[in-house]
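Following: one structure in structure tokens, then a few remarks.
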Amino acid sequence: MVAASKMRKAQQSALAGRPYSGLLNKILSQVTAYAGDFTHPLLEVRPVRTRGVILISSDKGLAGALNGNLIREAAKFDKSSTTYITAGRKGSQFIARTQRKLAAEFTYKDAPLFSEARAISKFAQELFLKGEVDQVDILFTNFISTLNQRPEIRTLLPVGEIKAVGHQVEGDKVEALTTGATEFLFEPNPSEVFGALLPHYLNFQVYQILLEAKASEHSARMVAMKNATDNAKQLIKDLTLEYNKLRQTNITRELLEITSATMAMGQ
């Protein structure tokens with residue numbers, strides 16, 4: 001019951017987080033249309049010599065294959081040229097166990113806060129702007145449905161095509177922004193507005209990903225606990241049946257012994 005309640009709250013948070021960025025998406029769709037040949041340090045594409053990976057995992061186990069699938073994907077990155085940023089204790093334990101390079105370790109609550117996402121996003125942006133990493137990917141478990149959570153890797157930096165935060169098409173394709181009917185007036189000019197909004201866009205991306213990861217965690221844990229409960233009940237039934245069979249066998253043997261003894265005494 002507790003796991004189901006947490007899962008419902010996490011799902012509601014993940015869904016509720018999407019409308020918060022609706023206005024930001026509309027503004028970005030307009031500003032990108034009028035920004036022209038816009039350049040920004042967060043858009044700079046460089047040869048990838050060092051990669052930064054933000055690993056979003058859970059703090060606890062008992063969630064089925066959730067963390068196992070995530071860690072298998074994280075292990076595919078080149079150990080010598082990858083720097084990790086972790087959010088969640090399981091990811092940090094994996095980095096320490098495999099002796100990979102850890103740049104920072106963050107925590108987030110059962111109901112992720114925007115300030116937690118902003119701290120992760122800001123640190124990743126600083127690494128990228130300083131040139132310590134040439135690309136930042138984020139690895140998390142995307143919530144598809146209650147029974148389906150899928151590890152997913154997204155490129156956070158450099159910012160490529162501006163995409164809607166959290167909106168999905170056919171389960172796993174992220175929908176690109178389209179220009180809406182509302183027209184905005186930008187002051188002093190679209191380029192400066194776009195440059196100011198880019199960090200906020202990244203913050204919302206990380207925040208939505210934290211919500212998706214937390215919804216996946218609670219959902220996976222609820223399913224795992226339900227399967228464990230069903231298996232335990234079936235095991236109890238099997239053991240009870242075996243116990244009754246042994247008990248019946250013992251009773252039958254004792255009756256046969258008593259009958260044999262009675263017959264022997266009667267003779």
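None of the figures in this text is laboratory data; all of them are computed from the coordinates on show. Everything numeric here is computed off the predicted structure, so don't read it as measured data. Reconstructed Cβ throughout: ideal geometry from the backbone, glycine too, with neighbour counts over all protein chains shown.
What would the Debye equation give as log₁₀ I(q)/I(0) for region 44-115 at q = 0.11, 0.15, 0.23 Å⁻¹, counting only Cα atoms as equal point scatterers? Cα-only, vacuum Debye calculation for region 44-115: -0.29, -0.52, -1.04. Looking at region 88-152, which trypsin sites (Lys or Arg not before Pro) are in a loop (DSSP not H, G, I, E or B) and have at most 13 other Cβ atoms within 10 Å? Sites meeting the loop and neighbour criteria: K109, K130. Of the GluC sites (Glu not before Pro) found in region 200-267, none is in coil by DSSP with at most 10 other Cβ atoms within 10 Å of its Cβ.
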